[in-house]
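Notes follow the structure.
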Amino acid sequence: MRYVITILFYLSSFVVFAETDHPLVAAYPNATIKRQAISNYAEVLIPRAKLVKGEQFDAFSVVGKQTGHIYRVEGQDSALQIAENYLDVVKRLNGELLLLCRSDCGQGFSKKLIGGAHWPDDVFSELDNFSRYRSEHYYILAKVGPKQHPTYIQWLIQEDTGDTTAVGQIITEPQQLPLGLVNITADAITTAPGNSPASADLGPDKASGGDHPLISRYQGARLTERFESEYTEVLLPTGIADDDKNVPHLKLAGKSTLLHYEASKDQSTLQVFRNYQQALQQAGFSILFSCEQQSCGNEQRKQLWKGNPDRSRFKGYLSNSTYARNDYRMLTAYKKVNEQDIYLSIYVKKHSEYAYVDIAHDIVELSSMQSNRVSIDADYLQNELSRSGKVVLHGLHFASDSATLLPESAGSIDVITAYLTQHPAQTFYVVGHTDNSGSHSHNMQLSKARADSILQALIKQGIKADRLLGEGVGAMSPQRHNGSNDGKAANRRVELVLR
């Protein structure tokens, strides 16, 4: 049996449709809406093919307005009949059928698809594993409208208990992300904090003190909490938590300002996050680390919260549920401003479609104690190499438990490059060392990775690769006893050794 599913157009003045249906496609006959969700400026996964066991899920992401429905269709119509009717809709819309599965999408297909759409857990949870079920099920993907800016329609159709069929419908309409909603004023780092008016629907700020002078709030956001300390230790992420739940990070000491904001419920984390990325890059900040949603992993926020010396500053922001489907994004950036090293992390999250977007600015202005670390010059390199055939390369700084070379190392890299350029006949081992914390195998890998980071930095400066050989010896060649913090700090080093 074929029903006529009404196709509704925005500009039609003759068709009246139920408020909860999407205006493009009306509900199937005898269907009732069980759940629905609408999200602006969100990402949705569009699969290119069925899921093949042992292979990656082949899909691309689209930014747009997502409208999702779960329908319950009562009656004798089979999943096949319903699918045929939706295929007819595609034809009548002059659309293009991109993918059709008939109970052969592949195990886990819908879990990848729905998980990638980042809906709240309760919207499509019952269709999350529909491709595992033995009951008849179908997936239809089509695009309609202009080729340059198409609208994508997805249907997941599954026979349910009794005489009912579940239909999941996701319609994604193209949207251009509005940018320019965050401002960076690097030269204002020494000025007093300033307020930015909150939007009318959110009301006035809940906390006093205003914005940090370096970076404005997201346009329309409301300040909810503000923490400031003239000197404290802060952890900022520089990588993803590993299998042992260790998050690569910077451990910084200096003036700390942590600001919590709420943005309107109709904003998406993508929209907010892209504005921060654009503003920081345009202001000349280096993005040291960035992750978004599932790429951040399950443990990222929880372990950052555990590792921070003052957990109360986050008021549960990092320690909330850590499921991969939680909608959160984070970055860490760096810039030298007025001869001062500035590090900051931006955290953006939204735990449900009906919640505010939570935003945190974690800004650290390094104290002179940390900015003015031991450095090197050409005379030091020449004297040490002449005396012992090796030299400790001071002024090279890595993220904690990581081979990520920090921007403040640039001065020492320049000095080493100048020396190597002036002595083209000399060749070297670049040798990494660690303290005795951690396992032997981990320290060997870390020391080698750090040596390779220095080697690659020098090659980028024009030093020939055949003059350098990177190696790591872990904790096997300490300079000092590892029984004290000072001793461990001295043992964490990279050396140039004449070959």
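No lab work stands behind these numbers, since they all come straight from the coordinates. Note that the structure is a prediction, hence the values are computed from the model and not measured. Don't worry about glycine lacking a Cβ; one is built from the backbone with ideal geometry, like all the others, and counts go over all protein chains shown.
What is the order of Phe57, Phe273, fewest Cβ neighbours within 10 Å to most?
Phe57, Phe273
For the stretch 464-480, just list the computed ³J(HN,Hα) in residue order, Karplus coefficients 6.51, -1.76 and 1.60, θ = phi - 60°, integers in Hz, with x standing in for Gly and Pro.
Along the stretch 464-480, the couplings run 5, 5, 6, 8, 10, 9, x, 8, x, 10, x, 9, 7, 9, x, 7, 9 Hz.
With label points built 7 Å along Cα→Cβ from the Cα atoms of Ala207 and Ile287, find their separation and express it in nm.
So the label points at Ala207 and Ile287 sit 2.5 nm apart.
Along the stretch 487-495, what does the Karplus equation 6.51 cos²θ - 1.76 cosθ + 1.60 (θ = phi - 60°) give for ³J(HN,Hα), rounded to whole Hz, x for Gly and Pro?
Values per residue, Gly and Pro as x: x, 5, 4, 5, 7, 7, 7, 10, 10 Hz.
Which of Lys65/Lys349; Lys112/Lys350; Lys245/Lys265; Lys53/Lys91; Lys350/Lys448 have a Cα-Cα distance over 28 Å?
Lys245/Lys265; Lys53/Lys91; Lys350/Lys448
Would you grab the residues whose amide H sits under 5 Å from the one on Ser400? Only those 5+ places off in sequence or on another chain, please, with H modelled 1.01 Å from N.
Close amide H contacts, sequence-distant or interchain: His249, Leu250, Lys251.
Please list, ordered by chain and number, the residues whose modelled amide H lies under 5 Å from the amide H of Asp341; skip anything fewer than 5 residues away on the same chain.
Long-range HN contacts for Asp341: Leu366.
Taking only the C-alpha atoms, wrap a convex hull around the stretch 373-498 and report its volume per residue in Å³ as a whole number.
Taking only Cα atoms, the stretch 373-498 has a hull volume of 97 Å³ per residue.
Using the Karplus curve 6.51 cos²θ - 1.76 cosθ + 1.60 with θ = phi - 60°, what ³J(HN,Hα) values do you get for each residue of the stretch 149-159, in whole Hz, with x for Gly and Pro?
Taking θ as phi minus 60°, the curve returns 9, x, 9, 9, 10, 10, 10, 10, 10, 9, 5 Hz for the stretch 149-159.
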